[in-house]
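Each remark here refers to the structure printed beneath this line.
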Amino acid sequence: MTNSTDNKPSRISLETRIGWIGTGVMGLSMCNHVLSKGYGVTLYNRTKSKAQPLLDEGARWAETPRAVAEQSNVVFTMVGFPQDVREVYFGESGILAGSKPGTILVDMTTTSPSLAQEIYQMAASKSVQAIDAPVSGGDVGARAGTLSIMVGGNEEVVETITPLLEIMGKQIVHQGGAGTGQHAKMCNQIVIASTMIGVCECLLYGHKAGLDLETMLRSITKGAAACWALDNTAPRILKRNFDPGFFVEHFIKDMSIALDEAQRLNIALPGLALVHQLYLALKAQGHGKLGTQSLMLALEEFSNTVVKP
């Protein structure tokens, strides 16, 4: 799919060879959408068994990220932490070691804007294109193919890759140059952090006030408080379902990135700092592998009560 003369990306087609690295809670569904459209996919995951559903559907296995890149025109990454991104891209067996001129690299992990810029610059030195494209929508959006995707990087490359992004998401917005997708994701996470504590506290208050919580939610989800978190996480909390749509430990990572960026920008984000501390308490209680809605467990501990519908 590349033009060997100028290394510019050409049109995406079913002949485009796709690479995928990271098949966790969200990555598995996202990759499956691409695979289901008929694209050939070569993939790698640290734990091969977690990729088995995709292998059963026809994806090919590679032993390293480098091997994925060597067999692909476009490589997507959806891993956990910035150190994972760094290893996957810059390691001895990493993506950049195997990328050919004209390859497009798409990091959909939420990571630091500075790392996105570093990947962009290192890729450019090899005549490889890189964009940052973090997502919002959680496991629900990943399964439904309705994610919001925030994209940073070269406009021409973003236009080229958009048909693939549209398989995974409904809202694809180019934010600007390298790293701006990650900055936009930080804005998203700041809102989610404050919203999540509001959802949990409203349920805690309603419970102690003796309200029927499902009846209460029927009212407030249709008023000014209406939001995605109320619609999607409040019902899970009422069912005591704290399974991860998004891991607590990953959310702590995101908030830490945002707070570091806030310090660099010389701004105060006291609301985010408070929620960050509450999630650190939740992790200290042993709940780092639960979903973000499990913040309720920390608040219940503070108030010595358990919220039930």
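Tabulated values for the structure
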read-out: Qualifying residue in the stretch 259-270 (condition: crowded, with 18+ Cβ neighbours inside 10 Å and closer than 26 Å to THR109 by Cβ); value: yes
read-out: Every residue from the stretch 63-80 that is touching a helix residue (DSSP H, G or I) at 6+ places or on another chain (Cβ under 6 Å), within 19 Å of GLU15 (Cα to Cα) and assigned to a loop (DSSP other than H, G, I, E, B); value: none
read-out: Given (1) of a type in the set (Gly, Ala, Ser); (2) surrounded by fewer than 16 Cβ atoms within 10 Å (Cβ to Cβ); (3) at pLDDT below 95, index of the condition GLY245 fails; value: (2)
read-out: Count - residues of the stretch 92-122 that are outside any loop (DSSP other than H, G, I, E, B), under 22 Å from LYS185 (Cα atoms) and of a type in the set (Gly, Ala, Ser); value: 2
read-out: Residues satisfying the stated conditions in the stretch 253-273, i.e. hydrophobic (A, V, I, L, M, F, W, C) and touching a residue at least 40 places away in the same chain (Cβ under 8 Å); value: MET255, ILE257, ALA258, LEU269, LEU272
read-out: Pairs, first in the same structural domain as GLN129 (by TED's automatic domain parsing) and without any contact (Cβ under 8 Å) to a residue 12 or more places away in the chain in the stretch 144-158, second of a type outside the set (Asp, Glu) and buried (at least 18 other Cβ atoms within 10 Å of the Cβ), C-beta under 9 Å, six or more apart; value: ALA144/SER29; ALA144/GLY137
read-out: Some residue of the stretch 133-140 being under 20 Å from PHE247 (Cβ atoms), in a strand (DSSP E or B), of a type outside the set (Ser, Thr, Tyr) and within 19 Å of the chain's Cα centre (by Cα); value: yes
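The values are calculated or read from the model by the stated rules, or taken from the named source; none is laboratory data. Worth saying up front: this structure is predicted, and the values here are computed from it rather than measured. As a convention, Cβ positions derive from the backbone with ideal geometry for all residues, glycine included, and neighbour counts pool all protein chains shown.
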